[in-house]
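Comments concern the structure below.
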Amino acid sequence: MAKDTHQNQVNPLLEYFYADPTNKRLLEKKQQEDQHAADLLDKRFEVYYLKVRLISYSDKLAKYLGKNFDKKERKQHKQLHLDSFTGLESDDPPVQQLPSREPPVIDCLTERIVDILPTQRMKETYINMSDEKKEVLQLFTFEQLNNKEIAERINCSPQNVSKLKIKALNELRGVEADERKEERSVRRSPDGNGSAN
Amino acid sequence: MNEKKKEVLEEVLMEMDQRINYGLLETSFQNREDLKQEIITKLAEAVEHMDLIPLSEFEREVTEQKKARNQGF
């Protein structure tokens, strides 16, 4: 009896449960040794407590899903900026400075890699590449084949295609990075008037 | 599903409708209904695993917890 009173004072869940006049009446009857009232109180509590837990879980779910949805949204927004220009003006090593930009593939009038390379030096670098590298770049850029498909076409392993592609792209990116560096140093030098070509 | 649980779930869902909407306020309107449906499904799954705890058992647990806390100090 005293135990019931004490517990509902310390436990907010019980306190709230007994705030209901019906439950309070049943508790009083229970304290007078009324077994039926005690059973009824038990059953009412079962429903009450289940409801409390479900409401709490539902709140948590709504918060979690709302937060996660927001996260996904933010991630998508971030991805939209991935191909924008970042860090090219820094003094990082050239390979890191290069944007993850590929030659434009949507220009249907262009059919040769050499036509889409922006500078003469890059064109020369491409022309001097091995036939294998050139073919890999050609198939990758204009036919948009993946490593496996290119490998089937040129009879080698996809790993080999991957290596050739990386090497070829790095060669071109290296040239591009050097040219950018030169361009920057010309712009920075006080008497820089394009003498560095 | 146990009848009692089913009734409680239905009651909670009715009562929670506005609260769930509020919880999902920052989500886009198009996704809100999907997320709401996800919550309802998860609640239905959860209620299956929840035990119906009578008052006497709950009170016993509260007393035991209190005792354990006091012993800890």
Longest to shortest principal axis, alpha-carbon extents of chain B, angstrom: 53, 33, 18
Quick calc: nm separation of the 7 Å Cα→Cβ label points for residue B:10 and residue A:181 -> 7.5 nm
When Lys and Arg each count +1 and Asp and Glu each count -1, what net charge do the other residues less than 12 Å away from residue B:36, Cβ to Cβ, add up to? -1
Subtracting the Cα-Cα distance from 0.36 nm times the residue separation, let me have the gained length for residue A:144 to residue A:56 in nm, one decimal. 26.5 nm
Karplus ³J(HN,Hα) for the stretch A:153-169 (6.51 cos²θ - 1.76 cosθ + 1.60, θ = phi - 60°; Hz, whole; x = Gly/Pro) runs 5, 10, 6, 8, 7, x, 5, 5, 4, 4, 4, 4, 5, 4, 4, 4, 5
For the stretch A:177-184, in order, what is each residue's ³J(HN,Hα) by Karplus, 6.51 cos²θ - 1.76 cosθ + 1.60 with θ = phi - 60°, in whole Hz (x at glycine and Pro)? 5, 4, 5, 5, 4, 4, 4, 5
Of B:4/B:66; A:51/B:6; A:29/B:5; A:29/B:66; A:133/A:181, those spanning more than 23 Å from alpha-carbon to alpha-carbon: B:4/B:66; A:29/B:5; A:29/B:66; A:133/A:181
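Readers should treat all values here as calculations from the given coordinates under stated rules, not as data from a laboratory. A quick note: this is a predicted structure, and the numbers were derived from the prediction, not measured. Glycine also receives a Cβ, built like all others from the backbone with ideal geometry; neighbour counts cover every protein chain displayed.
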